[in-house]
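To keep things clear, I will list the structure first and then write my remarks on it.
The values are calculated or read from the model by the stated rules, or taken from the named source; none is laboratory data. Just so it is clear, the structure is predicted and the values come from calculations on it, not from any experiment. Methodologically, a virtual Cβ is constructed for each residue, glycine included, from the backbone with ideal geometry; neighbour enumeration extends over all protein chains shown.
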Amino acid sequence: MKTQSKLQAATILAAGILSLNTFAGPTATQTVTYEVTAINELAVSAATASLTVNAATSGSAPTAVTDATTSYSITTNETNRKITGAIDSNMPSGVTLSVTLAAPTGATSAGKQALSTSAADLVTSIATINETGKTITYELAATSAAGVVASASKTVTLTITAG
């Protein structure tokens, strides 16, 4: 009796396996779930830029200096983006740090903007894009009333945000 029960169980199991293979067929389908999230990446070519006001024409304000040796790269898959810029603390009295960002294709540069702790719009109307080598131009200007200002640093924060 035990041998017959084992034989029946084996037969049923084999029939079940064969029926699974029989229904599998030559094709199969599968659902793939996918998503592309918002991508907003910004990078600068160098961690530092240096500016020193050290000359003037007699009878005129000190000569402003510029540095256009750095650049930025941008990737965004969203529309209506802008780049803003701010510094970590305000400049000393009589000293102005400004920046101009070249606009990527289809966007608009706001031109030279004085930086402060409040974010200023630097580039607007950015749509889906990925570009590199966009020039950053810094300008440092000082009035005579600023006097001698010891070497110091400011952290400039550039941010992609909704425009």
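For residue 118, state whether it is at pLDDT 95 or above, surrounded by fewer than 17 Cβ atoms within 10 Å (Cβ to Cβ), out of contact with any strand residue (DSSP E or B) (no Cβ under 9 Å at 6 or more places or on another chain) and farther than 20 Å from residue 47 by Cβ.
No: the conditions fail for residue 118.
Give me a count of the residues in the stretch 27-64 that are within 29 Å of residue 126 (Cβ to Cβ) and either surrounded by 13 or more Cβ atoms within 10 Å (Cβ to Cβ) or of a type in the set (Ser, Thr, Tyr) (or both).
Adding up the residues that qualify gives 11.
If you scan the stretch 46-90, which residues turn out to be assigned to a loop (DSSP other than H, G, I, E, B) and more than 18 Å from residue 144 (Cβ to Cβ)?
46, 47, 48, 49, 50, 77, 78, 79, 80, 88, 89, 90
Consider the stretch 110-140. How many of its residues are in a strand (DSSP E or B) and either in contact with a Lys or Arg (Cβ under 9 Å, 6 or more places away or on another chain) or not polar (S, T, N, Q) (or both)?
Qualifying residue count for the region: 17.
Anything in the stretch 49-100 that is of a type in the set (Val, Ile, Thr) and without any contact (Cβ under 8 Å) to a residue 60 or more places away in the chain? List them, or say none.
Residues satisfying the conditions are 57, 63, 69, 75, 79, 95, 96, 99, 100.
Looking only at the stretch 141-154, decide whether some residue is assigned to a strand (DSSP E or B), polar (S, T, N, Q) and either free of Cβ contacts under 8 Å to residues at least 12 places away in the same chain or closer than 19 Å to residue 44 by Cβ (or both).
Checking the stretch 141-154: not a single residue is assigned to a strand (DSSP E or B), polar (S, T, N, Q) and either free of Cβ contacts under 8 Å to residues at least 12 places away in the same chain or closer than 19 Å to residue 44 by Cβ (or both).
Residues to consider are 83, 129; find the one that is within 13 Å of the chain's Cα centre (by Cα), surrounded by 17 or more Cβ atoms within 10 Å (Cβ to Cβ) and closer than 14 Å to residue 40 by Cβ.
83
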